[in-house]
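To keep things clear, I will list the structure first and then write my remarks on it.
The values are calculated or read from the model by the stated rules, or taken from the named source; none is laboratory data. Quick caveat: nothing in here was measured; it's all calculated off a predicted structure. Cβ sites come from the backbone with ideal geometry, for glycine too, and all protein chains shown count toward neighbours. The accessibility values were calculated without ligands, DNA or RNA, using every heavy atom of the protein model including side chains. Shrake-Rupley method; radii C 1.70, N 1.55, O 1.52, S 1.80 Å.
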Amino acid sequence: LTPAGEVFLNYAYEVISLTAAVKADMIAWSLRHASAVYGFVESAILHSSGLADMCHFIILVDAPVTLRIRRTIERAHTDAAQVQARITQQEAQFQSARADIRLNNDGTHTMEQLAEMAIHSLNSLGNP
């Protein structure tokens, strides 16, 4: 293998190992909280990791691209070109992703209001 191939295989192994650990943790958490009405999982790789298959409903929280770029630059101290490249890479995944509820996090609502909207939407969907 080339060094790049070795890096890719190491990365793939780490992602698979991490995904297995997260799935195991999700199962353990759900068993400990079996009486909870809802359990929420935040994951940037929900669909590509297979974690979405463990979810009854999926909420996609999105924001306008310019706002996502600004927020990421402020949070990660990176530049706009790097953020835009990552967003472009993720866009195809988001466009085809299953989402039962879509929320717009454009700053017009507080996080508490977005959470209330999510719960209201989940209640209207009923039990899986």
LEU67: more than 30 Å from GLY126 (Cα to Cα), in contact (Cβ under 8 Å) with a residue 40 or more places away in the chain and in a helix (DSSP H, G or I), yes or no? yes
Flagged in the range 101-126 as within 19 Å of HIS56 (Cβ to Cβ), free of Cβ contacts under 8 Å to residues at least 40 places away in the same chain and not aliphatic (A, V, I, L, M), in numbering order, are HIS120, ASN123, SER124, GLY126
Tell me, which residue of the range 76-99 that is modelled with pLDDT of 85 or more and open to solvent by 90 Å² or more (accessible area, probe 1.4 Å) is farthest from the chain's Cα centre (by Cα)? HIS77
Looking at this structure, is ALA115 surrounded by 13 or more Cβ atoms within 10 Å (Cβ to Cβ) and in a helix (DSSP H, G or I)? yes
Hey, can you tell me all the residues within the range 70-94 that are part of a helix (DSSP H, G or I) and either on the phi > 0 side of the Ramachandran plot or in contact with a strand residue (DSSP E or B) (Cβ under 9 Å, 6 or more places away or on another chain) (or both)? PHE94
